[in-house]
Amino acid sequence: MSETTRPPKTYKRFIEQYPKLAQAWDLIAAQGADGPLDERTQRLIKLGIAMGAMRTGAVHSGVRKARAMGICEEEIEQVVALAAGTLGMPSTVANYSWVREVLDTEDE
């Protein structure tokens, strides 16, 4: 597992503390993945949902996971642009900044 896809320490501690919640989370993730959408499409949709929910950490994580899957920067930025009509400008700019935080780190 690469550094970009490794779960944060807090997450690891959480699932150690609450193993039944970790099992429930795994079941939720498995059910969501069970369907006709390929993994790439699922990843982009989940990124869009994280943006819509305004979850900074989930956007960061979603971008890292997308890049680890080989999803290009332009595709990720298109998700930002698609969100604009629903989220409005301030929320979209916030999401863009969260996306760029991850992508710009890659460039360093």
| Could you say whether any residue in the stretch 59-67 is crowded, with 17+ Cβ neighbours inside 10 Å and over 22 Å from LYS9 (Cα atoms)? | no
| Residues located in the stretch 72-108, provided they are of a type outside the set (A, V, I, L, M) and in contact with a Ser or Thr (Cβ under 7 Å, 6 or more places away or on another chain) | TRP98
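For the stretch 27-38, does any single residue satisfy the condition of being of a type in the set (Gly, Ala, Ser), more than 24 Å from ALA94 (Cβ to Cβ), surrounded by 14 or more Cβ atoms within 10 Å (Cβ to Cβ) and outside the structural domain of GLY85 (by TED's automatic domain parsing)?
No, the stretch 27-38 contains no residue that is of a type in the set (Gly, Ala, Ser), more than 24 Å from ALA94 (Cβ to Cβ), surrounded by 14 or more Cβ atoms within 10 Å (Cβ to Cβ) and outside the structural domain of GLY85 (by TED's automatic domain parsing).
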| request: Looking only at the stretch 54-68, decide whether some residue is assigned to a loop (DSSP other than H, G, I, E, B) and in the same structural domain as ASN95 (by TED's automatic domain parsing). | output: yes
| field | Pair list, Cβ < 7 Å and 6+ apart or interchain, from the stretch 1-17 residues that are loosely packed, with under 11 Cβ neighbours inside 10 Å to residues that are modelled with pLDDT of 90 or more and outside any loop (DSSP other than H, G, I, E, B) | value | SER2/ALA68
| request: Just one of (1) within 18 Å of PRO7 (Cβ to Cβ); (2) out of contact with any helix residue (DSSP H, G or I) (no Cβ under 7 Å at 6 or more places or on another chain) trips up VAL93, so point out which. | output: (1)
| task | For the stretch 43-58, state whether one or more residues are surrounded by 11 or more Cβ atoms within 10 Å (Cβ to Cβ), among the hydroxyl-bearing types (Ser, Thr, Tyr) and farther than 18 Å from GLU101 by Cβ. | result | no
| message | Of all residues being surrounded by 11 or more Cβ atoms within 10 Å (Cβ to Cβ) and of a type in the set (Gly, Ala, Ser) in the stretch 74-108, which is nearest to ILE49 (Cα to Cα)? Just the residue, please. | response | ALA83
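The values are calculated or read from the model by the stated rules, or taken from the named source; none is laboratory data. This is a predicted model, so every value here is computed, not measured. A quick note on method: Cβ atoms are made from the backbone with ideal geometry, for glycine too, and the neighbour counts reach across all protein chains shown.
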